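Before any comments, here is the structure.
The values are calculated or read from the model by the stated rules, or taken from the named source; none is laboratory data. Nothing here was measured: the structure is a model prediction, and the numbers come from that model. Neighbour counts run over all protein chains shown; Cβ positions are idealised from the backbone, glycine included.
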Amino acid sequence: MGVTVSHFDERAREWDSDPEKVERARVTADAIRHTIPLHPDMSALEYGCGTGLLSFALQSDLGQITLADTSKGMLEVLQEKIAASQVTNMHPLRLDLTSDPLPVERYDLTYLLLVLHHIDDTAMILGKFHDLLKPSGYLCVCDLDKEDGSFHQDEFDGHLGFRREELKRLVEAAGFEQVGFSTVFEIQRDGKTYPLFLMTACRRG
């Protein structure tokens, strides 16, 4: 992983106080909603869920949602939010797909927001997402376009975003089809603009 779990543990309590993170999740949810035919019978997995901002934005559109993360701090905040809101279809799970066994459950939809660039082995994790989906299930990845390394101010050894055509080839090699991209958000930081894409794909039936 490009950033340590403890880094996210330390930031968990303040995560939702950043208006840009809240807006980013809302816009990403809207883009998913307009691209994927969501319905309340769909089971979903959010991987790298953090405090669950994206899943809360999609909660009423989906059935049971598993929210997985490696950060204990993020999951503690998430559990408190679920209890406070009294939603019944969101379920936190401590899970690291780079080292843990695959869950038994299979999903209609898997989605992640600004997570893929933290995972060293892109091909491996795309294969795991494929295996976790039901036939004809959907994968949605929102992440950074290729950037010059200035996005992370702290030390970072993950991916500096992705070139869309290169990622598309990896996604297709993992067993997906109907791969599409759209620009859904722009992060402004220190006078620079960092576009975020939403990639959607369907597991081959």
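In table form, for the structure just shown:
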quantity	calculated
Total residues in region 1-42, condition touching a Gly at 6+ places or on another chain (Cβ under 7 Å), surrounded by fewer than 19 Cβ atoms within 10 Å (Cβ to Cβ) and either modelled with pLDDT of 95 or more or farther than 19 Å from A68 by Cα (or both)	2
Selected residue (only one of G52, G48, G63 is crowded, with 22+ Cβ neighbours inside 10 Å and without any contact (Cβ under 8 Å) to a residue 60 or more places away in the chain)	G52
Search result, residues across region 71-102 that are within 16 Å of F129 (Cα to Cα) and among the hydroxyl-bearing types (S, T, Y)	T98, S99
Residue that is surrounded by the fewest Cβ atoms within 10 Å (Cβ to Cβ), among those in region 71-97 that are among the hydroxyl-bearing types (S, T, Y) and either modelled with pLDDT of 95 or more or part of a helix (DSSP H, G or I) (or both)	T88
Qualifying residue in region 51-59 (condition: over 25 Å from S17 (Cβ atoms) and within 10 Å of the chain's Cα centre (by Cα))	no
Out of D100, D69, D120, sole residue that is acidic (D, E) and under 13 Å from the mean Cα position of the chain (by Cα)	D69
Which listed residue, of Y194, Y111, is part of a strand (DSSP E or B) and either over 26 Å from G63 (Cα atoms) or without any contact (Cβ under 8 Å) to a residue 60 or more places away in the chain (or both)	Y194
